[in-house]
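First up is the structure itself, then whatever we jot down about it.
The values are calculated or read from the model by the stated rules, or taken from the named source; none is laboratory data. Model, not experiment: these values are computed from the prediction. Cβ atoms come from the backbone with ideal geometry, glycine included; neighbour counts cover every protein chain shown.
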Amino acid sequence: MEVNYINYFNEFEKEYEVLKNASDDVLTVSLEIIHYIEKKLKEMFNWLKKHVFKTLQEEIYFFKELKPRLVSKLLYYKELLNVESSLPPSKKNKRKHYEEWLSKIHQYGINNREFYQYYRSRTTVKDEDLFVRRSYKNIFRDDCCLINYDSKLCTSHDYNVAIIIANDMLTSYLENKLDELNGTTTGYNPMNNKITWTGTKIEMAEMIYGLHYKQMLNGGNIDIKEIARGFSIAFNIDFDEKALYRCLQDIKKREPLNAIFLQNLSDVADTKFKGEDF
């Protein structure tokens, strides 16, 4: 694992997007991503055993924001594999199947309401207690699964954050599936509003990836294809996840590789902020 671990996670996100869009078959994609993430976790764990964070704030950021981004995707695709591999054939039973999974997620949220509220509020008052590693284990407070876990690799609640993110992703997936079954899927409809994107699709892709990598939407707890769909509806442009993926491939072919639109956007904004006509 690279010394610059933030770049490591950014590279992971890029490779993850490629794998996610490599096939339309959910089971195939899930298996590929699970194998990929398990490999990346081994690298991360080997690095964590030796790495010393310079400050508590750096350690908190790693275990509250970065590590859960990776682990949550592993949890999500394992659950997705369970959901789809046990899917019954009839439409009625499919609906019941998806609703039962949603009910499980809802119940988990109820059972863990206190931490859900803490995490959703984005407060930090307990972060040092929840997201800093300890050299000892508290048998009265720690989850059973953490008692025999290497204290260098985890904190008491980074796994809980990963579960919340994975549950959010799975909820979105299940609700979309139910919409499809009920015939209420929200598609592209240019009559819904009068705001129209007049830039190129590749410029929109830069905007979407920039916001996603910066975790500016839902605190980063949202699948990028959901962002693409939201942009498609909000700006009256037919822009699905396949179009987003194609744009990403075009961006990666640039020499040198850079976010041209976002850089130009920043330059224009700087000029306007400093100018008299702003």
Among the candidates Asp150, Asp143, single out the residue that is surrounded by fewer than 19 Cβ atoms within 10 Å (Cβ to Cβ) and modelled with pLDDT under 70.
Asp143
Could you figure out which of (1) over 21 Å from Ile164 (Cβ atoms); (2) at pLDDT below 95 isn't true of Ser72?
(1)
Residue satisfying condition, being surrounded by 18 or more Cβ atoms within 10 Å (Cβ to Cβ) and out of contact with any strand residue (DSSP E or B) (no Cβ under 8 Å at 6 or more places or on another chain), within set Leu48, Leu87
Leu48
Can you run down the residue pairs with Cβ atoms below 7 Å, 6 or more apart or on separate chains, where the first is in the stretch 253-278 and closer than 16 Å to Gly210 by Cβ and the partner is outside any helix (DSSP H, G or I) and modelled with pLDDT of 80 or more?
none
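Matching residues to (1) over 23 Å from Glu17 (Cα atoms); (2) touching a helix residue (DSSP H, G or I) at 6+ places or on another chain (Cβ under 8 Å); (3) in contact (Cβ under 8 Å) with a residue 40 or more places away in the chain:
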| residue | (1), (2), (3) |
| --- | --- |
| Leu56 | yes, yes, yes |
| Glu65 | no, yes, yes |
| Leu75 | no, yes, yes |
| Val83 | no, yes, yes |
| Asn93 | yes, no, no |
| Tyr98 | yes, yes, yes |
| Glu114 | yes, no, no |
Tell me which residues, restricted to the stretch 32-42, are over 26 Å from Ile105 (Cα atoms) and surrounded by 14 or more Cβ atoms within 10 Å (Cβ to Cβ).
Lys40
Say whether the condition of being loosely packed, with under 13 Cβ neighbours inside 10 Å, of a type in the set (Ser, Thr, Tyr), out of contact with any Leu (no Cβ under 9 Å at 6 or more places or on another chain) and assigned by TED's automatic domain parsing to the domain that holds Ile164 is met by at least one residue in the stretch 68-78.
no
